[in-house]
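The values are calculated or read from the model by the stated rules, or taken from the named source; none is laboratory data. Bear in mind the structure is a predicted one, so any value in this text is a computation, not a measurement. Quick reminder, even Gly has a Cβ in these numbers, built from the backbone with ideal geometry, and neighbours come from all protein chains shown. Accessible surface areas use protein heavy atoms only, side chains included; no ligands, DNA or RNA. Shrake-Rupley method; radii C 1.70, N 1.55, O 1.52, S 1.80 Å.
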Amino acid sequence: MSYSASYAIIQFSSVPERLEFVNIGVFLVVPEARFVGVRFARSVAKIEKIFGSVSKSYVSALKESFENRIKYEVTSGWDLNRLQSFIRSRSNDIRVSEMLPAFVDDPDEFLNDIFNSLVGEVERAKRLPKVATELGRKISQAGLSRFVEHPDPVELPEGLTISAPYAYQNGTYNLIDAIRLGSSQDNALKEAAKKALEAQLLYKHTEGTFSPKRLNVVADASGQSDNFRRYLKDMMAEHHAKLYDLSNVEILLDEIRQNSHTLTTNSAGH
């Protein structure tokens with residue numbers, strides 16, 4: 001299925017009055033799929049090649065602030081006119097090109113493609129494809145795309161927003177997030193703990209309501225030991241979340257498949 005989309009290039013300059021900018025990222029908005037993706041270059045090498053030494057923490061803060069603002073502008077009603085007004089108002093170190101139209105089948109894959117084409121870091125992007133993209137391909141290859149949704153972000157009272165690329169129903173609304181757990185146990189634990197907290201709060205605020213929600217996490221944990229993976233899975237379970245390994249995601253696909261048969265049977269009965 002193809003979606004109408006809009007994308008733009010994110011540029012940086014330490015001296016914007018010189019009108020000399022370098023491409024540092026891209027973002028993509030797909031309203032029909034409720035998708036907004038932002039991707040920045042990880043290093044400041046291109047910036048320093050043109051403008052000399054820069055503060056990495058400053059550039060990182062600019063990126064984070066801009067990404068948060070873009071996602072806020074888009075998800076607050078999915079109003080592209082409002083987003084374009086925000087873009088036109090940019091006058092500091094980061095500016096945005098005119099938004100361009102596109103038709104996309106896979107938003108994550110398209111975002112990667114335009115990033116590789118317009119910004120760079122192609123080799124690293126190919127070596128570490130986004131987990132959500134891999135999961136989406138597996139869902140599609142299993143013929144389960146029509147039973148999986150692209151959910152809206154869930155706003156919790158603590159001010160936390162839980163976003164996930166996929167979801168499915170089985171009496172409970174199951175959000176499916178996708179993460180990469182690298183070779184560092186410290187970083188992997190921090191990432192998993194963050195998702196465990198989100199799962200706990202999601203359970204707390206939706207259990208017993210008309211729309212109970214749960215968080216499922218698919219992780220690429222190829223750099224971790226089997227014992228550590230089991231530990232993370234147990235930790236997630238204690239916080240009302242399920243952790244699936246990307247290399248064995250057929251377990252999750254079977255659950256979605258079983259639910260799809262149930263839905264089909266119930267529909268036929270009516």
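General remarks:
- Accessible surface of the chain, 1.4 Å probe, proportion on carbon and sulfur as whole %: 49
- 5 angstrom amide H check on A142, placed H, neighbours 5+ away: none
- Rounded to the nearest 10 degrees, the inclination of helix 226-238 to the longest alpha-carbon principal axis of the chain is 80 degrees.
- Cα gyration tensor shape for the range 65-206, rounded if a/c is under 1.5, else prolate or oblate: rounded
- Within the range 145-270, percent of DSSP bridges classed antiparallel, to nearest 5: 35
- Mean separation of Cα contacts under 8 Å, 6 or more apart, over the residue count of the chain: relative contact order %: 15
- Extension gain, A193 back to A61 (0.36 nm per residue minus Cα-Cα distance, nm): 45.2 nm
- Full extension of the chain between S184 and R88 gives 30.5 nm of extra length, using 0.36 nm per residue less the Cα-Cα distance.
- Gain on full stretching of the segment that runs from Y231 to R146 - 0.36 nm per residue minus C-alpha separation: 27.3 nm
- Efficiency of FRET from Cβ geometry, N81 and E48, R₀ 25 Å, rounded to 0.05: 0.10
- Summing charges over all other residues whose Cβ lies under 11 Å from the Cβ of H240, with Lys and Arg as +1 and Asp and Glu as -1, gives +1.
- Ellipticity at 222 nm from helices only: DSSP H runs of n ≥ 4 in the chain, each -39500 (n - 2.57), divided by the residue count, give -14000 deg cm²/dmol.
- Backbone geometry of the range 191-208 corresponds, through the Karplus equation with coefficients 6.51, -1.76 and 1.60 at θ = phi - 60°, to 3J(HN,Hα) couplings of 5, 5, 5, 4, 5, 5, 5, 4, 4, 4, 5, 4, 5, 4, 8, 10, 4, x Hz, x marking Gly and Pro.
- DSSP beta bridges confined to the chain are antiparallel in about 70 percent of cases.
- A 1.4 Å probe run over the chain, with the rest of the protein chains in place, finds 54 Å² accessible per residue.
- Ordering of 142-151, 94-103, 27-36 by packing is 27-36, 142-151, 94-103, highest average first (other Cβ atoms within 10 Å, averaged per residue).
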